[in-house]
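Notes to accompany the following structure.
Only the coordinates and a few stated rules stand behind these numbers; no lab work does. All values derive from a computational prediction rather than experimental measurement. Cβ placement follows ideal geometry from the backbone for every residue including glycine, while neighbour counts extend to all protein chains displayed.
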Ligand code: SF4
């Protein structure tokens, strides 16, 4: 169906944003940009892309970085498994592939953190291979264009999206076609109030002709959101602050945090002291907790209710078993560690 692709590419040639990863066929730079943009808006991701590729201009330079350094560069972007997988993949490519990305789709798919979307993006942008990308923007355009009723998060819906995406692609220009449909979804076929009057596909679009644009894409019911109640304790002694690296397979793995207790339910302010003492295995008079800040942080399937307290211990800190898993670092060194965004806000903006 070249007509759709022709219209998309013509529109793209006049309306595309000038973004640095579009001026290269280097698979490394394309890969970095695609990993950043998987869960991040272009406006936010651009600055991270420029800083990360300045610090690590080649895959070889990234491969020798420490996880702490990469996570520090990633700080604030969220979905930190992306950064850990990126580092792991950089090392694998340098160690096992002579520093060169595989130049075919199946080879790319074998790499850690690279799924069908990213493999298609690298294959088409860097190697001109006819693999159609389907991200959220593309799914929105396709489901509206063809009035696709199948939920896009069902197995059949994903298959159908892939089929439609390939059916409209100009196989002679896969890279620019993919860029064009992604850009149309980002700039014109927006989730709310799509700009159909200025859309190059408006005469062919079934949802536009029926006025049903905002009914698409169809999705199955959302997963229930899990509420978590976290109390972070700022403990300062002799100009040192206690922190630890998160190592469990949980959110924010690999980042640093203040001493933490997690409770199964919210607690009233007057019970904070008692709850912390209980969680730390101390008698209540052994500490004084002062409430400093409360906030909430939304993740994809979790809502975090965060409480920050300043904690004074009225006993020898070295006797506190709870703090054995934390290290005391100079307060001035806090800036050198990667923390999750809400902790960055608490530590450096208060
Ligand atoms: S006509 Fe409207 S709904 Fe259809 S693809 Fe264009 S912007 Fe999206």
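Quick notes on this structure:
- Rounded tilt (10° steps) of 27-37 against the dominant C-alpha axis of the chain: 60
- Note on the stretch 11-86: Rg/Rh from Cα positions, Kirkwood definition for Rh, rounded to two decimals, is 0.98.
- Stokes-Einstein D in µm²/s, Kirkwood radius over Cα pairs - the chain at 37 °C with 0.692 mPa s viscosity: 143
- Global form of the stretch 121-197, assessed from the alpha-carbon gyration tensor, a/c cut-off 1.5: oblate
- In the stretch 161-316, one over the average inverse separation of all distinct C-alpha pairs is 20.6 Å, which is the Kirkwood hydrodynamic radius.
- Estimated FRET transfer efficiency (residue 16, residue 212; beta-carbon r; R0 22 Å; 0.05): 0.20
- Contour excess over end-to-end distance, with Cα ends at residue 225 and residue 81 and 0.36 nm allotted per residue: 49.8 nm
- Two-site FRET efficiency, residue 204 against residue 172, from Cβ-Cβ distance with R₀ of 25 Å, rounded to 0.05: 0.80
- Compared with the alpha-carbon gap, the fully stretched path from residue 60 to residue 290 is longer by 78.0 nm at 0.36 nm per residue.
- Each peptide among 161-169, 295-303, 118-126 gets the average number of other Cβ atoms lying within 10 Å of its residues, and from highest to lowest they stand as 118-126, 161-169, 295-303.
- Counting only the Cα atoms, the stretch 86-215 fills a convex hull of 112 Å³ per residue.
- Ordering of 179-189, 307-317 by burial proxy (mean other Cβ atoms within 10 Å per residue, highest first): 179-189, 307-317
- For the stretch 51-152, radius of gyration divided by Kirkwood radius, i.e. Rg to Rh on alpha-carbons: 1.05
- Residues 133, 223 arranged by fewest to most Cβ contacts within 10 Å: 223, 133
- For peptides 248-258, 140-150, sequence by mean Cβ density within 10 Å, most packed first: 140-150, 248-258
- Extension gain, residue 50 back to residue 278 (0.36 nm per residue minus Cα-Cα distance, nm): 77.4 nm
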